[in-house]
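Q: I'd like to ask some things about the structure below.
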Amino acid sequence: MLKKMLIYPFIVLVKFYQNFISPFTPATCRYSPTCSNYTLEALKKHGLFKGGWLSIKRIASCNPWGGSGYDPVP
C-alpha cells in the first residue's frame, strides 16, 4: 500500500508526459520498450528508489553513444 502511494505521483507525471508531451515530439527512443514505458514498469515492479534509479540509468543511456535494442526491466 505504501509502495503504491509513493510511486503514484511519479506514475502520474510519466502518464502526463506520454499523453500530452510525447505525441508532439519525434520518436527518438533507441530502446524497446520506450524509456517512459520502462519507467512505469520499473516503478511498479521495484518501487520508488530502485525503480527510480533504474529509470535514471536508462534515460541517461538513451543517447547517440549509448546502447539500443530490447532492454527489459530486470
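The values are calculated or read from the model by the stated rules, or taken from the named source; none is laboratory data. Since this is a predicted model, take the numbers as computed values, not measurements. Here Cβ is always computed from backbone atoms with ideal geometry, including for glycine, and neighbour counts include all displayed protein chains. Please note that ligands, DNA and RNA were not included when accessible areas were found on the heavy atoms of the full protein model with its side chains. Shrake-Rupley method; radii C 1.70, N 1.55, O 1.52, S 1.80 Å.
Q: Pulled fully out, how much extra length does the chain show between residue 29 and residue 48, if you take 0.36 nm times their separation in residues and subtract their Cα-Cα distance?
A: On the way: separation 19, 0.36 × 19 = 6.84 nm, distance 2.26 nm.
Between residue 29 and residue 48, full extension yields 4.6 nm more.
Q: Give me the accessible area per residue for the chain, probe 1.4 Å, as a whole number in Å².
A: Working: 5310 Å² over 74 residues.
Ligands and nucleic acids excluded, the figure is 72 Å² per residue.
Q: In addition: Mind pulling the angle between the C-alpha long axis of helix 35-61 and the longest principal axis of the chain? Nearest 10 degrees, somewhere in 0 to 90.
A: The two axes meet at around 20 degrees.
Q: Just the number: Rg to Rh for the chain, Cα atoms, Kirkwood Rh, two decimals.
A: Working: Rg = 12.4 Å, Rh = 12.7 Å.
Taking Rg over the Kirkwood Rh, I get 0.97.
Q: Also, I was wondering about something else. From a point 7 Å beyond the Cα of residue 2 in the direction of its Cβ, which residues of the stretch 22-56 have a backbone N at a distance under 18 Å?
A: In the stretch 22-56, the label zone of residue 2 (backbone N under 18 Å from the point 7 Å along Cα→Cβ) covers 44-52.
Q: At a threshold of 8 angstrom on Cα-Cα distance, excluding pairs fewer than six apart, so keeping six or more, what relative contact order does the chain reach in percent? Please list the in-between numbers first.
A: Numbers: 60 pairs, mean separation 27.3, N = 74.
RCO, the chain: 37 percent.
Q: For the Cα atoms of the chain, what angle does the longest principal axis make with the long axis of helix 2-16, in degrees from 0 to 90, nearest 10?
A: The angle comes out near 40 degrees.
Q: Taking all protein chains in place and a 1.4 Å probe, what share, in percent, of the accessible surface of the chain do carbon and sulfur account for?
A: Values: 3650 of 5310 Å².
About 69 percent, which is the carbon plus sulfur part of the accessible surface.
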